[in-house]
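Engineer: Structure incoming, see below.
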Amino acid sequence: MEKKIILTGDRPTGALHLGHYVGSLKKRVELQNTGEYKQFVMIADLQALTDNAENPEKIRNNILEVMLDYLAVGLDPEKTTFFVQSHIPALYELPMYYSNLVTMSRLERNPTIKNEIKMRNFERSIPVGFMTYPISQAADITAFKAKYVPVGEDQLPMLEQAREIVASFNRIYKCEILVEPEAVLPDNSSCNRLVGTDGNTKMSKSLGNCIYLKDDEKSVKEKIMSMFTDPLHINVSDLGHTENNPVFIYLDAFSKTEDFAKFLPDYKDLDEMKAHYERGGLGDMKCKKLLNSIMQEFLRPIRERREKFEQDKGYLMDILRKGTEEAVEVSNKTVSEVRNAIGIDYFNDSTFLDKFVK
Ligand code: ATP
Ligand code: MG
């Protein structure tokens, strides 16, 4: 049986952070290592340009940063194909066809887009390319006939939009060429949308509230020590809230039961520690120190692998070039089928002249 296809990507607007890791990278590595799928990972430079048209150096500078993060977390070029979005002709062509299947009001209803417009203070000056990026994203996914898309929760509206496009296309052009994609969310719900260190609902490059996978030991510690906690927990003896408390959300996302025996044997597990915090008597500092120990242990090997790959930038370029070539080939096949289904494949269609009626 043919392997099912996975596709995801990241915008090269900065190095990757803990939100990317728990929201998507972790699943990609797990799925890659099952050997059951064919996985494509895309550096979404075109999408990054939709809100950075005047700042292309930012994107250029982050292509290899993102590539380094991929290899650092354990994505493996032997098992995963990496490519650059802007070099795939299909990803310019398919959106042209798909955009005729989507209404303006449908685009305006997309909750993630609404939120991102607010975050970027676009007000009424929204670039057309930004507004239509969900269509372009549907092209990214369908060009590779991807069935599974490991993403954080913010991407669910994009997948819904992609499924609608697929359904309309297959219905209108009476075919089954395009595949309806499904999101693969993280196993742990606190990871669907990891909060920022400032308590903002999403850790995001654009909000400057991130712990980056490449951060050094000192800055990780500083960021953790100045993290937002429970604003009502002023004195150690006060009752505390663990829900919506970023320190506990990160502990939910990253701690393992063994960590307690190793770093904070006062508690047997996270539930016991939470109970103490909630009834009062456990200070924020102690919680942050535990989180720091856990995060340092988690990030150290990632940072070390990153440093190793940094020594050979030629290798990174080779992987990307090879992957991009393969991606061009695969997606061109889909484009041929799409043109054929629409009936605009004039020069390759032997029935074209026969059907020409004057
Ligand atoms: P930007 O601010 O430029 O949009 P970003 O930090 O939102 O950057 P993206 O490149 O847009 O990152 O997202 C890439 C992938 O990482 C998506 O699948 C997204 O769902 C996931 N992701 C990003 N931030 C988080 C987060 N805080 N929690 C969970 N998943 C996340
Ligand atoms: Mg984003």
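The values are calculated or read from the model by the stated rules, or taken from the named source; none is laboratory data. If you're wondering where the values come from, they're calculated on a predicted model, not measured in any experiment. Here the Cβ is made from the backbone with ideal geometry for all residues, glycine too, and neighbour counts use every protein chain on show. Just the protein is used for accessible areas: all its heavy atoms, side chains included, with ligands, DNA and RNA removed. Shrake-Rupley method; radii C 1.70, N 1.55, O 1.52, S 1.80 Å.
Engineer: Only helical DSSP H runs with n ≥ 4 go in: add -39500 (n - 2.57) per run for the chain, normalise by residue count and round the 222 nm mean residue ellipticity to 500 deg cm²/dmol.
Structural biologist: The per-residue figure over the chain is -16000 deg cm²/dmol.
Engineer: For segment 1-144, give the magnitude of the charge dipole about the Cα centre (Cβ charges: +1 Lys/Arg, -1 Asp/Glu; no others), in debye to the nearest 20.
Structural biologist: The calculated dipole for segment 1-144 is roughly 420 debye.
Engineer: Hey, another quick one. Expressed as a fraction of 2.2 N^0.38 Å, the rule-of-thumb size for a compact globular protein of N residues, what is the C-alpha radius of gyration of the chain?
Structural biologist: Ratio of Cα Rg to 2.2 N^0.38 Å: 1.11.
Engineer: Then there's this: Here are some pairs, 114/145; 27/147; 214/274; 26/333; 4/333; which of them have Cα atoms lying more than 21 Å apart in this structure?
Structural biologist: 114/145; 214/274; 26/333
Engineer: Right, another one. At a 10 angstrom cut-off on C-beta neighbours, averaged per residue, how do the peptides 189-197, 347-355 rank from highest to lowest? Before the final figure, lay out each step's value.
Structural biologist: Working: 189-197: 19.6, 347-355: 8.8.
Packing order, densest peptide first, comes out as 189-197, 347-355.
Engineer: Treating the angle as unsigned and between 0 and 90°, give the value, to the nearest 10°, between the Cα long axis of helix 133-143 and the longest Cα principal axis of the chain.
Structural biologist: With rounding to tens, the tilt is 70 degrees.
Engineer: A follow-up question, please. Beta carbons within 10 angstrom, averaged per residue: use that to sort the peptides 198-206, 278-286, highest first.
Structural biologist: Highest mean packing first, the order is 198-206, 278-286.
Engineer: Further question: Could you state the number of Å between the C-alpha centres of segment 42-88 and segment 324-358?
Structural biologist: 29
Engineer: Run the dipole for the chain about the Cα centre, Lys and Arg Cβ at +1, Asp and Glu Cβ at -1, nothing else charged, and hand back the magnitude in debye, nearest 20.
Structural biologist: About 400 debye.
Engineer: Share of segment 232-356's accessible area from carbon and sulfur, percent, 1.4 Å?
Structural biologist: Exposed carbon and sulfur together represent 52 percent of the surface.
Engineer: Report Rg/Rh for segment 146-305, rounded to two decimals, where Rg is the Cα radius of gyration and Rh the Kirkwood radius.
Structural biologist: That ratio equals 1.11.
Engineer: Under 15 Å between alpha carbons, and skipping anything fewer than 8 positions from residue 3 in its own chain: which aspartates and glutamates qualify?
Structural biologist: 36
Engineer: Please state the charge dipole magnitude for segment 217-308, taken about the Cα centre, from unit charges on C-beta atoms (+1 on K and R, -1 on D and E), reported in debye and rounded to the nearest 20.
Structural biologist: I would put it at about 560 debye.
Engineer: Another question, then. Tell me the GluC sites (Glu not before Pro) within segment 165-217 that lie in a loop according to DSSP and have at most 16 other beta-carbon atoms within 10 Å.
Structural biologist: 176
Engineer: What residue among 275, 235, 292 has its Cα farthest toward the positive end of the dipole of segment 217-308, where the charges are +1 on Lys, Arg and -1 on Asp, Glu, each on the Cβ?
Structural biologist: Final value for the positive-end residue is 292.
Engineer: May I ask you to give the solvent-accessible area per residue for the chain, in square angstrom, as obtained with a 1.4 angstrom probe?
Structural biologist: Details: 18010 Å² over 358 residues.
On a per-residue basis, the chain sits at 50 Å².
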